[in-house]
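First comes the structure, then the notes that go with it.
The values are calculated or read from the model by the stated rules, or taken from the named source; none is laboratory data. Here the structure is a predicted model, which is why all the values come from computation and not from measurement. Positions of Cβ are generated from backbone atoms using ideal geometry, with glycine treated the same way; all protein chains shown enter the neighbour counts.
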Amino acid sequence: GPNGALTRRSQPPPRGKILSREGKVLAEGPAGSRTAGAIGDSIAGEVKPPDTEAARDAQFARGFERDAATGRSGLERAFDAQLAGKPGGQLLAGGRVIARAKPTPGKDVRSTIDTKVQESAVSALGERLGGIAALEARTGQVLGLSGIAFSSPQAPGSTFKIITTTAGLEDGKVKPSDDFPVVTAAEIDGVPLENANGESCGGTFPLTFAHSCNSVFAPLGVKIGAKRLVEVSERYGFNRPPGIPGAAASTMPPANEIKSPLEVGSTAIGQGKVLATPLMLASIAQTIAAGGVRSEPSLRLKGPPPKRTRVTSARIAKQIGAYMTLVVKEGTGTAAAIPGVTVAGKTGTAEIGGEEGDTHAWFTSYAPAQKPKVVVAVFLANAGAGGTVAAPVAREVLLSAVK
């Protein structure tokens, strides 16, 4: 620069590799030309120049050239701080070098991704619009993610009944022995909330969970009230940032915005303004699988231990786990059954307005029910009913982990 102005020349550090749980390379190479293996391709994400002024400033502040490629999505984004390293270079006054630093190479990062489960999550989803999240049942570590597993929250439909049931049992608003009339709909504020396909549904409380009776769960939601539904949802992780960079939060309105009984009843069956990601639904099932303790989902194998929160008592988690096994044994989720393995699950079919009969299909699950190893949540956009469409997809991914 003229008259001894200070300038710098940046020398980029080599970027670290991303490895799977077992140490297989998922992505490697310099920031400007990363290569990902067949599996890595589905999850590594992109390393590209920043696309906003703020991001360019941040790159410059870290010592990089302003338009140096950085992790923009997937694991590359989640681990960018470890992978990027520190640039070296020269500081010049006029044309004279007055300081030099060597670049510090980025660190290789071992992710929690299990290549077998990841492969299965990718092939089970295929070309469909949707998302699959698989977690280790004990630790909440992410074993596999495919599609929009954490980026596009949608109405979760009846999978939300896990939360409604938690609140109902905690508050004594329902007991396992309660018996409900067999009806096709429940009327709230003069509006009938129908059971799926208008079928008759009732019996003991566990059976109404297994068959996912809206006629039971919408009125139960009204009895529980908006305040408690929101409170319990937030214990499960709603309305807070997920621990994974780039992941969208699952949300619901504050209780004072869920006003009429109809809105409360709709919320209790995962309609209304409730929005959740497959990652969130997996986390809810993980909480039940781990006896009521939620481990914040994590992607880094040797990272800090996950944040653990007791969401509900071991007793209530055990009850809900039993209801979830009933779903797969004789309820709406029989398509997820695996011979010789007890699967626990909950179906969801979310109405999304638009064309008559357009519904999102959901299934969240874990296996083996007695000693849970893996949790799988599946979301398929505009695909039909959770039990028919999402449950068999989840089954495929569960199989990859338990067999």
- [ ] Can you run down the residue pairs with Cβ atoms below 7 Å, 6 or more apart or on separate chains, where the first is in region 185-213 and on the phi > 0 side of the Ramachandran plot and the partner is assigned to a helix (DSSP H, G or I) and at pLDDT below 90?
- [x] SER212/ALA196
Open item on the list: Just to check your reading of the model, which residue among ALA124, ALA134 is more than 27 Å from GLU263 (Cβ to Cβ) and within 13 Å of the chain's Cα centre (by Cα)?
Closed with: ALA134
Open item on the list: Being modelled with pLDDT under 95 and of a type in the set (D, E, K, R) is the filter here; which residues of region 126-169 pass it?
Closed with: GLU127, ARG128, ARG138
TODO: Report yes if ASP41 is within 22 Å of the chain's Cα centre (by Cα) and either surrounded by 21 or more Cβ atoms within 10 Å (Cβ to Cβ) or assigned to a helix (DSSP H, G or I) (or both), otherwise no.
DONE: yes
- [ ] Would you be able to tell me the number of residues in region 56-94 that are among the hydrophobic types (A, V, I, L, M, F, W, C) and surrounded by 15 or more Cβ atoms within 10 Å (Cβ to Cβ)?
- [x] 10
TODO: Return the residue satisfying two criteria in turn: it lies in region 212-239 and is modelled with pLDDT of 95 or more and in a loop (DSSP other than H, G, I, E, B), and of such residues it is farthest from ALA133 (Cα to Cα).
DONE: GLY225
TODO: Determine whether region 305-319 contains at least one residue that is under 11 Å from ALA369 (Cα atoms) and not in a loop (DSSP other than H, G, I, E, B).
DONE: yes
Open item on the list: Out of everything in region 184-228 that is among the acidic types (Asp, Glu) and in contact with a Ser or Thr (Cβ under 7 Å, 6 or more places away or on another chain), what residue ends up being surrounded by the most Cβ atoms within 10 Å (Cβ to Cβ)?
Closed with: GLU194
Open item on the list: Can you go through GLY291, GLY270, GLY225, GLY303 and tell me which one is more than 23 Å from ARG138 (Cβ to Cβ) and either without any contact (Cβ under 8 Å) to a residue 60 or more places away in the chain or outside the structural domain of VAL378 (by TED's automatic domain parsing) (or both)?
Closed with: GLY225
Open item on the list: Restricting to region 26-38, name every residue that is outside any loop (DSSP other than H, G, I, E, B) and under 24 Å from the mean Cα position of the chain (by Cα).
Closed with: LEU26, ALA27, ALA36
TODO: Output the residues belonging to region 1-21 that are part of a loop (DSSP other than H, G, I, E, B) and out of contact with any strand residue (DSSP E or B) (no Cβ under 9 Å at 6 or more places or on another chain).
DONE: PRO14
- [ ] Give the number of residues within region 74-95 that are farther than 30 Å from ILE148 by Cα and free of Cβ contacts under 8 Å to residues at least 40 places away in the same chain.
- [x] 1
TODO: Scan the strands (runs of 3 or more DSSP E) fully inside region 324-396 and keep the ones with 1 or more residues being farther than 24 Å from GLY272 by Cβ and not assigned by TED's automatic domain parsing to the domain that holds GLN141.
DONE: none
TODO: Output the number of residues of region 56-68 satisfying the condition of being small (Gly, Ala, Ser) and closer than 20 Å to SER33 by Cβ.
DONE: 1
Task: THR359 of a type in the set (Ser, Thr, Tyr), surrounded by 23 or more Cβ atoms within 10 Å (Cβ to Cβ), closer than 25 Å to THR204 by Cα and in contact with a helix residue (DSSP H, G or I) (Cβ under 9 Å, 6 or more places away or on another chain) - done: no
